[in-house]
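Notes follow once the structure below has been shown.
Readers should treat all values here as calculations from the given coordinates under stated rules, not as data from a laboratory. All figures in this text were calculated on a predicted structure; none of them were measured in a lab. Cβ sites come from the backbone with ideal geometry, for glycine too, and all protein chains shown count toward neighbours.
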Number of protein chains: 2
Amino acid sequence: MFAKRLRNASLQQRLVTAREAAGWIQDGMTLGLSGFTQAGDAKVVPRALVDRVKQTGEQLKVNVYTGASLGSEVDGIMAEAGIINRRLPFQAEKRMRSKINSGDIIYVDQHLSHTAEMVRAGTIDPIDIAIVEAVAITEEGYIVPTTSVGNSAIFVEHAREVIIELNLAHPLSLEGVHDIYDVGPQGKRQPIMLTEAEQRIGTQAIQVPLEKIKGIVVTEEPDTASSIVQPDEETATMAAHLIEFLRGEVKAGRLPKTLAPLQSGIGSVANAVFHGFLASEFTDLEVYSEVLQDAVFDLLDADKIRFASGCSIILSPEKGKQVYRNFEKYKDRLILRPQEISNHPEIIRRLGLIAINTALELDIYGNVNSTHVMGTNMMNGIGGSGDFARNSRLGIFVTKSIAKGGKISSIVPFVSHVDHTEHDVDVIVTEQGIADLRGLSPRERARIIIENCAHPDYRPQLRAYFEEACERGGQTPHVLEKAFSWHTRFQKEGTMLEGQTIDKATNEKEPTRV
Amino acid sequence: MFAKRLRNASLQQRLVTAREAAGWIQDGMTLGLSGFTQAGDAKVVPRALVDRVKQTGEQLKVNVYTGASLGSEVDGIMAEAGIINRRLPFQAEKRMRSKINSGDIIYVDQHLSHTAEMVRAGTIDPIDIAIVEAVAITEEGYIVPTTSVGNSAIFVEHAREVIIELNLAHPLSLEGVHDIYDVGPQGKRQPIMLTEAEQRIGTQAIQVPLEKIKGIVVTEEPDTASSIVQPDEETATMAAHLIEFLRGEVKAGRLPKTLAPLQSGIGSVANAVFHGFLASEFTDLEVYSEVLQDAVFDLLDADKIRFASGCSIILSPEKGKQVYRNFEKYKDRLILRPQEISNHPEIIRRLGLIAINTALELDIYGNVNSTHVMGTNMMNGIGGSGDFARNSRLGIFVTKSIAKGGKISSIVPFVSHVDHTEHDVDVIVTEQGIADLRGLSPRERARIIIENCAHPDYRPQLRAYFEEACERGGQTPHVLEKAFSWHTRFQKEGTMLEGQTIDKATNEKEPTRV
């Protein structure tokens, strides 16, 4: 079994325990960890580091660079243990989020295609140790990644030393699904010769000089399964709106019958909307995305999707079992790439992606907040949404029109944080309807967003704000002193609805006491 | 003379007057006009259209697509005449701005690389007539552009009919400076094989089927000269800060001695900052930008710039005379490309541009407003700044720290409009200093922006806001109810400074009466 997984005999001498490997990590170091949306993450060495710090009581802080979020409790326990100084470019863990918002962890929220450029150019602290998961190590000592590629290749290339977590829990059939390609330094770079989602341009494994491999830890621990929420009535309605819109685009001759390569953001809403294609007439679809969730595999199973390119696979426990038992059957229809390639503006623009991402809130002019609750508290991070929305053919954002049982409107006069400007937001979908904003001015956008996408309970308030703003004039009319009044009302009164105050004890609406 | 300029004899039959050509334009049509930053714009036909409407008193409205701003009064008189329904993607004219802000003209502010995609994909109204300026028409009937390429090629390709303004005022030596390349439809597109600023990948003229040319109007009117403000002490200081920063990057090994291809936005500040390279040690520089202003030609003359690629040339009267008298001597060091190529994310990212653009205001977290005065009134448009800042190696924004004699701080708690998010803003330069924001979290960014870039008069207020915000916590701390208080104070009291009220009559500061 080992010979199949560790094919370079000389490397057997570097087998160590997780504890031993964790011992090499010193205070002040910068670590580059594999892992993207809980998939293919470094697991046992970071955990052993936390154990070590708990046992010794030492003061240790490290910078942690990743692909995206880690699973296996790693983000949570590292945050709790207080060992993270600086973290980038994405996270999605409750305890880490709390430490970020209290200012205890320095979090740098980046476009997911940008981190590799910064590592390469040396504009962020250099990586001391890369810790990356492998399903196998080749005869040359090269690393075959597992369920994600993320930033692993660039971390390995630029780290001083590399620790490999050789994870036997992943099926060896993952080998061959990866396509590792390095764009090289800016200014000395050739075009990326990728013109279709299914093309291979790189190698199957991450190349690394043998001497750089400091140690290999054998593990047998599966990825954390996704806890994705299944589609509900509202997300099904959103999917129906979106599919009706795409149908119209085909009819108008603006999209071919097979549409264009699809990208979908991480999370339940985006997954549910993707699920909508199952019952649609569309076939021979292509996916060029970052994370491949349950819906993509359901659509592959149903022969709705012809080919899917991503940078990680994250599945629910049930879907995971089914997929990995028969992974061979997916292999000629799947590629996993570095996140720099899955999210590269060059490819996104060339292929003309249809990009579907989730908004936390959006405003009447179509600016989108993807990250900050009430403008201040970080949720997860911008992820790849900026890479995709800016450079895609169609930048689509989906969200339910209300949250917290109607106490929050997802559509507000002025978003409390801007991640995507009106220039990058082509279409908005809520369970209420769809707003096609292409070629519209801000005033035109406002009318259609309010009438098509806002919840009926909030439309009168939105209309009133917009009318008052229009009286003052401007390309993008606003009443600045009231722009955030919806957020401050929620903070004070527990609801964004005017003339209502939520009694927090009974959680019922009662007339305002103001 | 004519034979040299109009080389296809059969086309002589299509020579018409501007008045005749303008007569073909009907109410409700969409026009695609050449012109980028006042350069190479259609001049006499739009003007004849305005004359016609004035004379007949008819009700006529047309949609006007351009490259960027037009010169020769055209934007102004079309706005005054009330004949514009919808305008995109950029303008910079006072009367047009006024009609936009009053809501009389529907203005769609777009990334300058995006318009061509929309025309090609049919997501905006199709173009009825393209009106483009030419320095010559070839034997094949192809159009040799003048001082800009802008969107002319895509307009000509997709318009039903084409009117050519053959402008004899431009030197014929412009021929050969253009490189026309069409990327083709998304999804069927090859990589753009451009790996250096000086490469040619296209043709010297815009191809057009002979039958599509409806008429040719001969004119002899020069471009409107730029009214650029010469460098002052503050812009010279900003240039010095920027050059010192770039020197540091070279020293640290993050940039080669010849830096990386430079992009600079339109306008006096960006031009002045560019001018700073004249006295620097840098040589063999390359420019890959949209508009080439005086500074670029001064740097070419001084052999500081080796090669410049752009999509338009706009010069002051003096510099224009000098350059066009000897245009041959610049021709092997210059290329003008379609704006889709000059601003293409694929090329910007590949070459790793250093992008220098002007901010109208920015906030303590590094979000930039490039377009909206007090969040509502459109200035010019986002232009190419979004194409460049998002996809470049270094997204640099420059602005003076105060405006209106100190009554406005360019650095505020929360920008009143967001064009560029913190993720795209790497470096900020004011006359006060420079803030290198790369790899920093929002709280870290705030401290360095306030201390390095804000005007000393405003630093105490900014610090107070930031401290109060930090007490509330969050990744990006804010006091939402005070976020726009600086703007509303200015609107009420005439100044953003606390405890001051400007007596508008005397324009002097006096203690606040609040």
Residue by residue through segment B:445-455, the couplings from Karplus 6.51 cos²θ - 1.76 cosθ + 1.60 with θ = phi - 60°, in Hz, x for Gly and Pro, are 4, 4, 4, 6, 5, 4, 6, 8, 10, 6, 6
Restricted to segment B:233-493, the DSSP antiparallel beta bridge percent, nearest 5, is 30 percent
If labels are modelled 7 Å from Cα along the Cβ direction, residue B:247 lies from its partners in the other copies at nm distances, smallest first, of 6.6
Here the percent of antiparallel bridges among DSSP beta bridges lying wholly in the protein assembly as shown, to the nearest 5, is 30 percent
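Taking only C-alpha pairs under 8 Å that are 6+ residues apart, what is the relative contact order of chain A in percent? Numbers along the way, then the final one.
Numbers: 1190 pairs, mean separation 65.3, N = 514.
This gives 13 percent for chain A.
Could you list, in their original order, any pairs among A:482/B:492; A:61/A:99; A:257/A:331; B:257/B:304; A:43/A:329 whose Cα atoms are separated by more than 18 Å? It would help to have the intermediate numbers written out before the result.
Numbers: A:482/B:492 15 Å; A:61/A:99 14 Å; A:257/A:331 25 Å; B:257/B:304 12 Å; A:43/A:329 28 Å.
Beyond 18 Å: A:257/A:331; A:43/A:329.
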To the nearest 10 degrees, the tilt of helix B:459-472 (Cα long axis) against the first principal axis of the alpha carbons of chain B is 80 degrees
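Given 4 °C and 1.567 mPa s, compute D for segment A:272-388 with the Stokes-Einstein relation, Rh being the Kirkwood radius over Cα pairs; round to the nearest whole µm²/s. Could the numbers behind the result be given before it?
Numbers: Rh = 15.7 Å.
Value of D from the Cα-based Kirkwood radius: 82 µm²/s.
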Simple SL model, points at 7 angstrom along Cα→Cβ for residue B:61 and residue A:258; separation in nm is 4.2 nm
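Report for segment A:114-202 the percent antiparallel among DSSP-assigned beta bridges with both residues inside it, nearest 5.
Details: 2 of 8 bridges.
Looking only at bridges with both residues in segment A:114-202, the antiparallel portion is about 25 percent.
Counting other Cβ atoms within 10 Å, which trypsin sites (Lys or Arg not before Pro) in segment B:1-42 have at most 16 and lie in a DSSP loop?
Listed in order of number, the matching sites are B:7.
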Sparse-neighbourhood loop hits (GluC sites (Glu not before Pro), segment B:210-252; DSSP loop; Cβ within 10 Å at most 16 others) -> B:220
dims of chain B, Cα set, principal axes, largest to smallest, nearest Å -> 75, 56, 46
A correct Karplus calculation of ³J(HN,Hα) over segment B:252-261, with 6.51 cos²θ - 1.76 cosθ + 1.60, θ = phi - 60°, whole Hz and x for Gly and Pro, returns 7, x, 8, 9, x, 4, 8, 6, 9, x
For the pair residue B:201 and residue B:169, the simple spin-label estimate (label points 7 Å beyond Cα toward Cβ) gives in nm 3.4 nm
Between the modelled labels at residue A:54 and residue B:278 (7 Å from Cα along Cα→Cβ) the distance in nm is 6.6 nm
log10 I(q)/I(0) for segment B:76-181, Debye formula on C-alpha points only (no solvent), q = 0.10, 0.20, 0.22 Å⁻¹, two decimals, reads -0.34, -1.16, -1.25
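Of all alpha-carbon pairs in segment A:233-493, indicate the percentage at a distance above 36 angstrom.
Details: 4975 of 33930 pairs.
Beyond 36 Å sits 15 percent of the P(r) for segment A:233-493.
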One decimal, nm, nearest first: from residue B:200 to the same residue in each other copy, label points 7 Å out along Cα→Cβ, the values are 4.0
If B:148, A:72, B:69 are placed from fewest to most neighbouring beta carbons inside 10 Å, the sequence is A:72, B:69, B:148
Phi-derived 3J(HN,Hα) across segment A:381-393 with the Karplus relation (6.51, -1.76, 1.60, θ = phi - 60°), rounded Hz, x for Gly and Pro, is x, 6, x, x, 4, x, 4, 6, 4, 5, 9, 7, 6
Counting only residues 5 or more apart in sequence or on a different chain, those whose built amide H sits under 5 Å from that of residue A:224 are A:72
proj_area_mean for segment A:2-219 (convex hull on C-alpha atoms), units nm², value 12.0 nm²
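How long are the three semi-axes of the equivalent ellipsoid for segment B:1-119, computed from the Cα gyration tensor as the root of 5 times each eigenvalue, in whole Å, largest first? Please report the intermediate quantities before stating the final value.
On the way: eigenvalues 129, 69, 32 Å².
The answer is 25, 19, 13 Å, longest axis first.
Can you pull out the trypsin sites (Lys or Arg not before Pro) in segment A:256-365 that DSSP calls coil and that have at most 13 other Cβ atoms within 10 Å?
Working: sites: A:257, A:304, A:306, A:319, A:321, A:325, A:329, A:331, A:333, A:349, A:350; in loops: A:257, A:304.
Those satisfying the criteria are A:257.
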Distance in Å, no decimals, from the C-alpha centre of segment A:474-497 to the one of segment B:320-350 is 46 Å
Per the protein assembly as shown, sqrt(5λ) over the Cα gyration tensor eigenvalues, sorted largest first, in Å, gives 46, 34, 30
One decimal, nm, nearest first: from residue A:279 to the same residue in each other copy, label points 7 Å out along Cα→Cβ, the values are 7.1
Amide H proximity to residue B:15 below 5 Å, modelled H, separation 5+ or other chain, gives B:216
The orientation-averaged projected area of the Cα convex hull of segment A:394-494, in nm², is 6.3 nm²
